[in-house]
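Structure record follows, encoded as structure tokens.
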Amino acid sequence: MTSRERFLSACACTALERPPLWVMRQAGRYLPEYRALKAKSSFLEMVRTPALAAEVTLQPLQRFSGLDAAILFSDILVIPEALGQGYRFRDEGGIAMEFRLETRAQVDALTPTAAVPDRLRYVADTLALLKKQLGGQKALLGFGGSPWTLATYMVEGGSSDEFERIKLLFYTDRALFDALLEKLTAALIAYFQMQIRAGADAIQIFDSWGGIIAGADYEAASLKWIRQIIAALPREFPIIIYAKGTAPHVTDQAFAGARVVSVDWTSDLAIVRRSLPANVAVQGNLDPVLLNTTPAIVRHETTRLLESMRGLPGHIFNLGHGILPQAKLECMEALVGTVTGWK
Ligand code: CP3
């Protein structure tokens, strides 16, 4: 069985000898070969140059041959950028958007949806290149942010601690909030359709900030828009919803049309698995900080998670959030070895 088949079988909740494995932020600063490339080109240059983006995407697979999926090297913020609001990384860490989205006029001035796929054509080119390079052996994952998570960056003007502006917008001017989220939803539908045409085997929607809105408002702020996106994509196409801090909403997420629900490390994955419909797979959920410890600890915790899921089909092994720049290569090796060697 190829890695690609293993991955797609897990999405379809078929029983497997071992779960497929990939990790979020699979390529990144913890890899010396990534840092070497980044010394020559900026992050944005790498993202926008298909040959470079494909090279970075494949770096972790070349180093850790047991990984089953390649995740496109890009960022969720290419969508705000394509809509006319650029971004950069602050020297002290975090994101800075070019400006803050505050007024109706600014929302109206965002680039029309029809132009989005053209502006992001380099993503389709990267996926097409990867599809060829992977030769059907590994699964190829596309991704994007959820409308809500992208709106937090656009309205806050970058990374945020309190998310006060986006919440004020949500509670005080729902019409403007909805207008922004409608634009994002339409742009993401066009973007994902393009990724699927370009050869993605699955798409992960990152609702990284889904957990910051009051529980009773999660539907109106975030899940409703994700559901609209999934409904507009091909019926059986594997969509993975990842959200952080949304454990109380996992059942609602499972009924939003996704084939896979990806959960953060705070949930007991076996309990989540047993609580969801049998045709919805789960992905997760090792604490990423474990990769900053020791190989022995990683082996122990990985085995514990695998054992807890024994006999439960529909599991994709992953971290509960992105790998950290401080992750140790020997810990990542221990993770890959433990999952691929598991019986
Ligand atoms: O998983 C992968 O390997 C694919 C690539 C990927 C990146 N970003 C590359 C990246 C993916 C899937 C993302 C998604 C993303 N980007 C999310 C959602 C997932 C999550 O982590 O919750 C978010 C919120 C972003 C926005 C973003 N981009 C942040 C908050 C940061 C960190 C900024 C900082 O202070 O370090 C980034 C940068 C980023 N995106 C890096 C990578 C490899 C690090 C860039 C570098 O310094 O080299």
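The values are calculated or read from the model by the stated rules, or taken from the named source; none is laboratory data. Everything quoted here is computed from the prediction, not taken from an experiment. So basically every Cβ, Gly included, is an ideal-geometry build from the backbone, and we count neighbours across all protein chains shown. We work out accessible area using only protein heavy atoms, side chains counted, and drop any ligands, DNA or RNA first. Shrake-Rupley method; radii C 1.70, N 1.55, O 1.52, S 1.80 Å.
When the chymotrypsin sites (Phe, Trp or Tyr not before Pro) in the range 195-277 are filtered for DSSP coil states and for at most 14 other beta-carbon atoms within 10 Å of their beta-carbon, the remaining sites are F255. For the range 253-260, backbone phi angles converted through the Karplus equation (6.51, -1.76, 1.60; θ = phi - 60°) give residue-by-residue couplings of 4, 5, 9, 8, x, 6, 8, 9 Hz, Gly and Pro being listed as x. Expressed as a whole percent, the accessible area of the range 101-211 that falls on carbon and sulfur atoms is 51 (1.4 Å probe).
Annotation for E33 and T2: the two label points, set 7 Å from Cα along the Cα-Cβ direction, are 2.0 nm apart.
Across the accessible surface of the range 217-343, with the other protein chains kept in place and a 1.4 Å probe, carbon and sulfur atoms take up 57 percent. Segment A247..A12, full-extension length gain: 82.4 nm, with 0.36 nm per residue of separation and the alpha-carbon distance subtracted. Charge dipole (Cα centre; +1 on Lys/Arg Cβ, -1 on Asp/Glu Cβ; no other charges) of the chain amounts to roughly 900 debye.
Simple point charges give the picture: +1 on the Cβ of Lys and Arg, -1 on the Cβ of Asp and Glu, and for the range 162-316 a dipole about the Cα centre of about 380 debye.
Would you compute the Debye intensity of the chain from its alpha-carbon atoms alone, equal scatterers and no solvent, and pass along log10 I(q)/I(0) at q = 0.08, 0.09, 0.12, 0.14 Å⁻¹ to two decimals? Relative scattering, expressed as log10 I(q)/I(0), comes to -0.35, -0.45, -0.83, -1.16.
Computed FRET efficiency, Cβ-Cβ of L44 and K224, R0 30 Å: what is it to the nearest 0.05? Rounded to the nearest 0.05, the efficiency is 0.45. Scanning the chain for GluC sites (Glu not before Pro) in DSSP loops with at most 16 neighbouring Cβ atoms within 10 Å leaves 237-343 as the longest stretch between them. Per residue, the average separation of C-alpha pairs within less than 8 Å and at least 6 apart gives the chain a relative contact order of 22 percent. Normalised per residue, the accessible area of the range 1-102 is 42 Å², obtained with a 1.4 Å probe and no contribution from ligands, DNA or RNA.
For the range 54-141, a crude dipole built from +1 on the beta carbon of Lys and Arg and -1 on the beta carbon of Asp and Glu, taken about the Cα centre, is about 280 debye to the nearest 20.
For the residues D125, D91, D75, a GNM of the chain with alpha-carbon springs under 10 Å puts the largest fluctuation on D91. Extending 7 Å from Cα along the Cβ direction at R88 and again at K132 yields two label points whose distance is 3.4 nm. Name the residue farthest towards the positive end of the dipole of the chain from the options L290, P32, S208, assuming +1 on Cβ of Lys and Arg, -1 on Cβ of Asp and Glu, about the Cα centre. Selected residue: P32. With contributions of -39500 (n - 2.57) from each DSSP H run of at least four residues, the per-residue ellipticity at 222 nm computed over the chain stands at -13000 deg cm²/dmol.
Among the listed pairs K132/K183; K132/K343; K224/K244, those whose Cα-Cα separation exceeds 26 Å are K132/K183; K132/K343.
From the largest down, the range 204-296 spans 45, 29, 21 angstrom on the principal axes of its Cα atoms.
Looking at the chain, the DSSP beta bridges with both ends there are about 15 percent antiparallel.
Could you please report the charge total around V56, scoring K, R as +1 and D, E as -1 over all other residues with beta-carbon less than 10 angstrom from its beta-carbon? Charge balance in the 10 Å sphere: -1. For the range 165-236, the set of trypsin sites (Lys or Arg not before Pro) satisfying both a DSSP loop assignment and a count of at most 16 other C-beta atoms within 10 Å is given as R235. Evaluating 6.51 cos²θ - 1.76 cosθ + 1.60 at θ = phi - 60° for every residue in the range 52-68, the Karplus couplings come out as 6, 4, 5, 4, 5, 3, 7, 3, x, 6, 6, 7, 10, 5, x, 5, 9 Hz, glycine and proline recorded as x.
Measuring r between the beta carbons of A214 and A51 and using R0 = 51 Å, the FRET efficiency lands at 0.70. Note on R174 and E162: their simple-model spin labels are 2.4 nm apart, each label 7 Å out from Cα toward Cβ. Per residue, the accessible area of the range 133-260 comes to 35 Å² when a 1.4 Å probe rolls over the protein heavy atoms. Computed from the alpha carbon atoms alone, the convex hull of the range 152-242 holds 103 Å³ per residue. For Q283, the residues whose modelled amide H falls within less than 5 Å of its own, excluding neighbours fewer than 5 places apart on the same chain, are V261, S262, V263, I316.
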